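To start, the structure under review is shown below, and the notes come after it.
Just so you know, all these numbers are worked out from the coordinates, no wet-lab data involved. The model shown is predicted, which means the values in this text are computed figures rather than measured ones. Note: ideal-geometry Cβ built from the backbone for every residue, glycine included; neighbour counts use all protein chains shown.
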Amino acid sequence: MAVDLHLHSVFSDGTATPEEIVATAAEIGLTGIALTDHDTLEGIPLAAAAAEALAVGFIGGTELSVQWRGRTMHLLVYFLQPGPGPLQDRLEALRRAREDRNHQIVGLLQKVGIEISMAEVAAEAGRGVVGRPHFAGVMMNKGYVESVAEAFDHYLAAGRPAYAPRKTLEAGEAITLARESAAVPVVAHPHTVGLRASEVATGLQDLVRQGLGGMESYYGEYSPEMRHRLSDICDELGIVATGGSDYHGRYKPDLKIGVGRGDLRVPDEVLDRLVAAR
Ligand code: AMP
Ligand code: ZN
Ligand code: FE
Ligand code: FE
């Protein structure tokens, strides 16, 4: 029995609806899932209702980008309920900061000869919080690149010509706000922070003291060895080793719900441990 605690829907930069995600989860026999759209809780009621109807365990969440020691870290925040609250009230400002940045990215892309408008990006995103994958989608539709990966590698990733940073919370602040909101903050895909595996344990001790509840260890893009190593580090730190596919539908075509690239299996005890960490 397995779970998938990292999924993106059309409410951010995924291409499946919450209902479609739940239906797939039920079909492949997952016992629980978490919806973790970037900076929004909008899909949670729909996913929760669909999950209840199909008897799939469900927890709401979101994925935030935060600053930590001058680096960008992603935090998954589980059990965050839609409605007012200490962290919830900050989400709108985070979405507004994206709008400023989106206009900058359009300008930067135009400067390097890519004809793209904010209206095209908004149409690509539909009702979702706009993210860089939507820019990549427009660039693909118009034949500028052949894949989302190529759009990031050549234009959108940090250090590339159309990269624009945006205002985010500090890691410690986000962790404190999450706990004040009865939610459990978890470091997502720790490799993207740019620490060596050997540095992760000591590096994260401060954040654990501030309330970090887990680290994503069973990740769709990691080798089995890496997953083991990270879950051992979680044991040492006394936090929960969580996991998920980081499914984004067509924007990450090699990652599937529940199984990632095919070999992922997140044990369902993870969900029980997260509940206990609440
Ligand atoms: P944003 O929130 O707008 O900064 O976009 C971040 C999202 O872009 C992440 O959730 C990933 O889904 C995606 N992303 C980041 N880097 C890459 C990459 N190199 N290739 C494909 N997708 C990426
Ligand atoms: Zn994303
Ligand atoms: Fe992420
Ligand atoms: Fe993600």
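Across segment 65-90, what is the total count of residues that are more than 16 Å from ligand 2 (Cβ to nearest atom), small (Gly, Ala, Ser) and closer than 17 Å to residue 187 by Cβ? Please lay out each step first, then the result.
Restricting attention to segment 65-90, the residues satisfying the condition of being more than 16 Å from ligand 2 (Cβ to nearest atom) are 67-71, 78-90.
Now drop any that are not small (Gly, Ala, Ser), which leaves 70, 83, 85.
If we keep only those that are closer than 17 Å to residue 187 by Cβ as well, we get 70.
Summing the residues that are more than 16 Å from ligand 2 (Cβ to nearest atom), small (Gly, Ala, Ser) and closer than 17 Å to residue 187 by Cβ in segment 65-90 gives 1.
Give the residues of segment 33-43 that are in contact with a Gly (Cβ under 6 Å, 6 or more places away or on another chain) and either more than 16 Å from ligand 3 (Cβ to nearest atom) or within 13 Å of residue 257 (Cβ to Cβ) (or both), sorted by residue number.
34, 35, 36 - these are the residues of segment 33-43 that are in contact with a Gly (Cβ under 6 Å, 6 or more places away or on another chain) and either more than 16 Å from ligand 3 (Cβ to nearest atom) or within 13 Å of residue 257 (Cβ to Cβ) (or both).
Being within 22 Å of residue 119 (Cα to Cα), touching a residue at least 12 places away in the same chain (Cβ under 8 Å) and within 16 Å of ligand 2 (Cβ to nearest atom) is the filter here, so list the residues in segment 148-163 that pass it.
Residues satisfying the conditions are 148, 151, 152, 156, 163.
If you go through segment 37-64 one residue at a time, how many are within 16 Å of ligand 2 (Cβ to nearest atom) and more than 20 Å from residue 249 (Cβ to Cβ)?
1
Here's the yes/no breakdown for (1) without any contact (Cβ under 8 Å) to a residue 40 or more places away in the chain; (2) more than 19 Å from residue 176 (Cα to Cα); (3) away from ligand 3 (no atom under 16 Å from the Cβ):
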{"position": "10", "(1), (2), (3)": "no, yes, yes"}
{"position": "23", "(1), (2), (3)": "yes, yes, yes"}
{"position": "31", "(1), (2), (3)": "no, yes, yes"}
{"position": "45", "(1), (2), (3)": "yes, yes, yes"}
{"position": "54", "(1), (2), (3)": "yes, yes, yes"}
{"position": "65", "(1), (2), (3)": "no, no, no"}
{"position": "77", "(1), (2), (3)": "no, no, no"}
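Looking only at residues in segment 235-252 that are more than 21 Å from residue 60 (Cα to Cα) and free of Cβ contacts under 8 Å to residues at least 60 places away in the same chain, which one is surrounded by the most Cβ atoms within 10 Å (Cβ to Cβ)?
Kept after step one, since they are more than 21 Å from residue 60 (Cα to Cα), are these residues of segment 235-252: 235-238, 250-252.
Applying the additional criterion that residues be free of Cβ contacts under 8 Å to residues at least 60 places away in the same chain yields 235-238.
On the way: 235: 11, 236: 11, 237: 19, 238: 9.
Here the answer is 237.
Check segment 135-142 and report whether any residue there is touching a Phe, Trp or Tyr at 6+ places or on another chain (Cβ under 8 Å), within 16 Å of ligand 3 (Cβ to nearest atom), farther than 29 Å from residue 210 by Cα and among the aliphatic types (A, V, I, L, M).
yes
Which count do you get for residues in segment 151-166 that are more than 8 Å from ligand 1 (Cβ to nearest atom) and exposed (fewer than 15 other Cβ atoms within 10 Å of the Cβ)?
Selection size over segment 151-166: 5.
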